[in-house]
Amino acid sequence: MIGRSHIVLGVASAITASSMGYVPLSFLSLCAAGLGSLAPDLDTERSLLGCRMVWLSRPLSRLCGHRTVTHSFFVPLLIAWGLVHFQGMGSLHSPWGAFLVGYVSHIVADLMTGGCWALYPLSKNRVSLWPYAKTGSFREYLLLVCCLGLLSCVTYHYLSRNLLHDGSRASQHAFIA
Ligand SMILES: [Zn+2]
């Protein structure tokens, strides 16, 4: 998936996660999600973030190759563990949590557009969920639209449930008063 698609999907995933109450809905959170959605591609100089941080992407690219170690679910898990260990559980419900949501959304998107080392270090096999959409192709955009549709449905479900919950609580309070 190209960088712009990753940002759109990462930000949309963070909005869905905030509707579920996992991360705050703020400008900082959305920026963090966008950054997280680009971070795994630091392993190539040709990526949106990699071309701006060549000092990091070039050695990473030579050392690991593209879509390998940085594209493993182990990386966001390790970051989450570090956050909980040093800053407590609450740090996951901050913009850091949104960063992780963006990061995971990138790996899931790459799983559907060619595959990556999602299970490293357990396996060095390139895992692919749907091998029919190449990066930058029309099918990728189609896939992006489907993912956004799915995320919108989930967001709508949680927002309407929260509104209903708040509404019934408000009417209960009105009844008691
Ligand atoms: Zn990638």
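Some points to look at:
- Any chance residue 105 is within 16 Å of the ligand (Cβ to nearest atom) and within 19 Å of residue 18 (Cα to Cα): yes
- Residues that are in contact with a Pro (Cβ under 9 Å, 6 or more places away or on another chain) and either more than 13 Å from the ligand (Cβ to nearest atom) or part of a loop (DSSP other than H, G, I, E, B) (or both), drawn from the range 114-139: 114, 115
- Scanning the range 108-159 for residues that are over 24 Å from residue 69 (Cα atoms) and among the small types (Gly, Ala, Ser) turns up 137, 149, 152.
- Pick from the range 70-91, criterion aliphatic (A, V, I, L, M) and at pLDDT 95 or above, ranking: nearest to the ligand (Cβ to nearest atom): 75
- Failed condition for residue 83, given (1) of a type in the set (A, V, I, L, M); (2) free of Cβ contacts under 8 Å to residues at least 40 places away in the same chain; (3) under 16 Å from residue 3 (Cβ atoms); (4) in contact with a Gly (Cβ under 9 Å, 6 or more places away or on another chain): (3)
- Among residues of the range 142-175, those that are modelled with pLDDT under 90 and of a type in the set (Phe, Trp, Tyr), counted: 1
- Positions within the range 32-48 being in contact with an Asp or Glu (Cβ under 8 Å, 6 or more places away or on another chain) and surrounded by 19 or more Cβ atoms within 10 Å (Cβ to Cβ), in sequence order: 40, 47
The values are calculated or read from the model by the stated rules, or taken from the named source; none is laboratory data. Everything numeric here is computed off the predicted structure, so don't read it as measured data. Note: ideal-geometry Cβ built from the backbone for every residue, glycine included; neighbour counts use all protein chains shown.
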